[in-house]
Amino acid sequence: MALLLPTADVSSSRPLVAFRLGSFPKLWGLFNRNCNLRHCSKRFVSITNVVYAEDVMVSGTAKSARRREQIELERDSITVLNERIRRFHVKRESSKTAMDAVEADRYIQMVKEQQQRGLQKLKGNRKKKESDGYDYKVDPYTLRSGDYVVHKKVGIGRFVGIKFDVQKGSTEPTEYVFIEYADGMAKLSVKQASRMLYRYSLPNENKRPRTLSKLNDTTTWEKRKTKGKIAIQKMVVDLMELYLHRLKQRRPPYPKCSAMEEFAAQFSYTPTVDQKEAFRDVEKDLTERETPMDRLICGDVGFGKTEVALRAIFYVVSAGKQAMVLAPTIVLAKQHFEVITQRFSSFPDVQIGLLSRFQTKSEKDKHLEMIKEGQLNIVVGTHSLLGDRVVYSNLGLLVVDEEQRFGVKQKEKIASFKTSIDVLTLSATPIPRTLYLALTGFRDASLITTPPPERVPIKTHLSAFSKEKVKSAIKYELERGGQVFYVFPRIKGLEEVKDFLEASFPDIEIGLAHGKQYSKQLEETMENFSLGAIKILICTNIVESGLDIQNANTIIVQDVQQFGLAQLYQLRGRVGRADKEAHAYLFYPDKALLSDQALERLAALEECRELGQGFQLAERDMGIRGFGTIFGEQQSGDVGNVGIDLFFEMLFDSLSKVDEHRVVSVPYQSVKIDIDINPHLPSEYINYLENPMKIINGAEKAAETDIWALMQFTENLRRHHGKEPYSMEILLKKLYVRRMAADLGIYRIYASGKTVCMETKMNKKVFKLISESMVSEVHRNCLTFEEHQIKAGLLLELPREQLLNWIFECLVELHASLPALIKY
């Protein structure tokens, strides 16, 4: 941006001295004090670098000078790089792990072994592949005309149908799959289609892709696929670093205590085979490992997950540590509190507290003080337990029930605990993140799929809403002495439902329950329902988790299209806890009003009528309710590029090859830049710096430390001395080039004619990933990889300073890919 300044008469013989005025704030201030716009010459010249003439007053204010300097900085390539480094550092600061190559090898091998165990143990309902991965390809016969599909090599198309056709040179008709693309129709055999096709689905209701791919030009599709691949690789590295960070944490194993036998004997049921396995898994985590536990207990409602948690709590409390039990609703928290109190009744030394919004301020303050002083061994509550006011004396275990019910901030807080204390997550329908971590061994999981022997499957009825059907269902349950849940998605319509039911059943006690009621009122309603005084409970999904009412064996859900699949599964699980046959009536207003996604949810729920299918349901739910809850909204766009199924197959593939995408850095001092360039600083700038050698040595020391230290040094230099002259910028860029080269495993850079050569330790797969993710096509297209050398062919033999600038820009592009690589 050019700056206009008043200047002296060009015919004057006075000499002109050129320098960057922005670099000299003191002088700039002196000029301002002596300057007044009225007295300045009206003739202006446009210049890039600030110019002043002796005895000529300069117009403008300090504010405009700072603005000019700011604009100049904004355009500066070093500033752009620094901004990216800062964003990257802030994002990863919490998971920063210092680790040498030997440790990394050991941990990566451990992760791979854990993956294999996870894949063998948790087969789900996917077809097993020879590579121990999972096949997300679609069976062509399950497709309907109009469905969108993804061909791995061609891209997104629209399925037309399967028809018989006779191939050239043959008389036998063969079945072919016909797919419509933007520029024509493709046909492929059913056998080929089953190897190459994926269903295209998106993280939201809209299943239509932005555009169909082209048969005759696959470049756009390849770019989309590459973008998805890079996004996946970054996620894998994030997971890897979090996992490695957790493995580096240490805590002494808990001692095995003889009192555990007494505690276990008080369990009033006979444990199932899966329960016993889960007990053993948790015991090993706590008593044999030195790393904090992070285990998922996945079991259907009423299958005994809570007992697994109780035994983990007993180990921790027996060792003198505190346990926190976190529930999404106060109803569930209160139920946990009652169960824990009853189970620990034979151990009077164990103090249990419930922290909830039902308490008065004084009661809450008293509990907070007891937690801080270590007087409460087990603390039960909702998300308030994650607040800053709650200070634990010696926290050892966090039990999280139904993690998917918590908000983003609460989930982040829960995640922060996982690197320092033992964490046990209970869920009947795990969030998709939890599921794929479990499937790939990045997190330990125990499955409880065996139902208790007395359990009877819940009978599910799905139909259009009818008042007669509602009355008939309620009448049947009341006549056999049972109770009924009536769930409505909105608080606003509850009174209307109550009026209808009171008119239909005038002699029956009916209660209302929702989250906006006064705490005492809600507590009383729940208490009366559990005692059997209230026969019909009209409520929102506040009863989704917990609330074990043995006598309630009919649940009616109105407007099912308003609920997510996991919510419906949990709601249905509120009944069927006893040996009576339970019924779940799911009513929708009119099928014509339902979205495709809502219809798919309901169909999936009907398919999973058998007990113990919450885990498979969660896997299906993963493809239905979206990726925003898995990786955050930022990655949802990357999923949209290729569709969920192909995205997941790419994810599993990437997770199984974590060690292949690893860059090994080299020491900074070992990097050689064989380009003869030694810029000389202007004498004015040297005088202004006062101690230039100290500053230059400081820059070298910062570069030797890491890229973050160099970025901080550059920003501090500019903050105190303004924008540096061009020669100093070249010097800084040389330091940045050397630092980035060290990070990328490049140990020598030199030029030979029109070719730039970078000798490196990286392998070809890493180079391919890095180069594919480069934004600049100019840099990407000129790079090749040959025998541990990255070569760049230039059109011209560049002057030394321009050559350094080109290398700087190229390394900035390569360095930007580091988030997608394991850097140990």
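Tabulated data for the structure shown
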quantity: Hz values of 3J(HN,Hα) by residue in segment 321-331 - Karplus curve (6.51, -1.76, 1.60), Gly and Pro given as x; calculated: 9, 9, 10, 10, 10, 10, 10, x, 10, 5, 4
quantity: Residues with amide H under 5 Å from that of Leu398, placed H, sequence gap 5 or more; calculated: Met324, Asp422, Val423, Leu424
quantity: Cross-link pairs beyond the 21 Å C-alpha cut-off, checked among Lys227/Lys734; Lys152/Lys187; Lys411/Lys492; calculated: Lys227/Lys734; Lys411/Lys492
quantity: Per-residue HN-Hα couplings for segment 341-354 [Karplus 6.51, -1.76, 1.60; θ = phi - 60°; Hz; x = Gly/Pro]; calculated: 4, 5, 5, 9, 4, 7, 10, x, 6, 7, 9, 10, x, 10
quantity: Accessible area of Thr171 in the full protein assembly, 1.4 Å probe (Å², nearest 10); calculated: 130 Å²
quantity: Gyration tensor verdict on segment 249-448 (Cα atoms; rounded if a/c is under 1.5, prolate if a/b is larger than b/c, oblate otherwise); calculated: rounded
quantity: Where trypsin sites (Lys or Arg not before Pro) fall in DSSP loop in segment 240-322, at most 13 other Cβ within 10 Å; calculated: Arg250, Lys256
quantity: Two-site label geometry, Lys409 and Asp653: point separation in nm, points 7 Å out along Cα→Cβ; calculated: 4.1 nm
quantity: FRET efficiency estimate (nearest 0.05) - Cβ-Cβ, Lys764 to Thr171, R0 45 angstrom; calculated: 0.40
quantity: 1.4 Å probe accessible area per residue over segment 663-823, in Å²; calculated: 46 Å²
quantity: Potential extension, Lys591-Ile162 segment - 0.36 nm per residue separation minus Cα distance; calculated: 151.7 nm
quantity: Cα-projected label distance for Tyr518 with Thr220, points at 7 Å along beta-carbon direction, nm; calculated: 6.2 nm
quantity: Built amide H within the under 5 Å cut-off of Asp444, gap 5+; calculated: Asp294, Leu296
quantity: Length-normalised contact order for segment 723-824 - Cα pairs under 8 Å, 6+ apart - percent; calculated: 32 percent
quantity: Accessible area (Å², 1.4 Å probe, nearest 10) - Thr554; calculated: 0 Å²
quantity: Segment 351-500, relative contact order [Cα under 8 Å, separation at least 6], %; calculated: 14 percent
quantity: Heavy-atom accessible area ranking, 1.4 Å probe, most first, across Arg208, Arg739, Arg86, Arg357; calculated: Arg208, Arg357, Arg86, Arg739
quantity: Long-range amide H partners of Leu197 with built H, under 5 Å; calculated: Val138
quantity: Additional length obtainable on full extension of the chain from Asn781 to Ala503, 0.36 nm per residue less Cα span; calculated: 92.5 nm
quantity: Relative contact order of segment 140-225, pairs being alpha-carbon contacts under 8 Å that are 6 or more residues apart, as %; calculated: 32 percent
quantity: Rounded FRET efficiency, nearest 0.05, which uses the C-beta distance separating Arg389 from Leu798 and R0 of 60 Å; calculated: 0.45
quantity: Sparse-neighbourhood loop sites, GluC sites (Glu not before Pro) in segment 745-790 - DSSP loop, at most 14 other Cβ within 10 angstrom; calculated: Glu786, Glu787
quantity: Simple spin-label estimate for Arg357 and Arg490 in nanometres, 7 Å along Cα-Cβ; calculated: 2.1 nm
quantity: Backbone HN-Hα couplings from phi across segment 739-744 [Karplus 6.51/-1.76/1.60, Hz, Gly and Pro as x]; calculated: 5, 5, 4, 4, 4, 8
quantity: Segment Tyr269-Arg195, length gained on full extension (0.36 nm per residue, minus Cα span); calculated: 21.9 nm
quantity: In Å², nearest 10: area of Lys475 left accessible to a 1.4 Å probe; calculated: 110 Å²
quantity: FRET efficiency, 1/(1 + (r/R0)^6) with R0 22 Å, evaluated for Arg210 and Lys152 via beta carbons; calculated: 0.70
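The values are calculated or read from the model by the stated rules, or taken from the named source; none is laboratory data. Owing to the predicted nature of the structure, the values given are computational and were not obtained by experimental measurement. Note: ideal-geometry Cβ built from the backbone for every residue, glycine included; neighbour counts use all protein chains shown. Quick note on the areas: whole protein, heavy atoms, side chains included, nothing else; ligands and nucleic acids left out. Shrake-Rupley method; radii C 1.70, N 1.55, O 1.52, S 1.80 Å.
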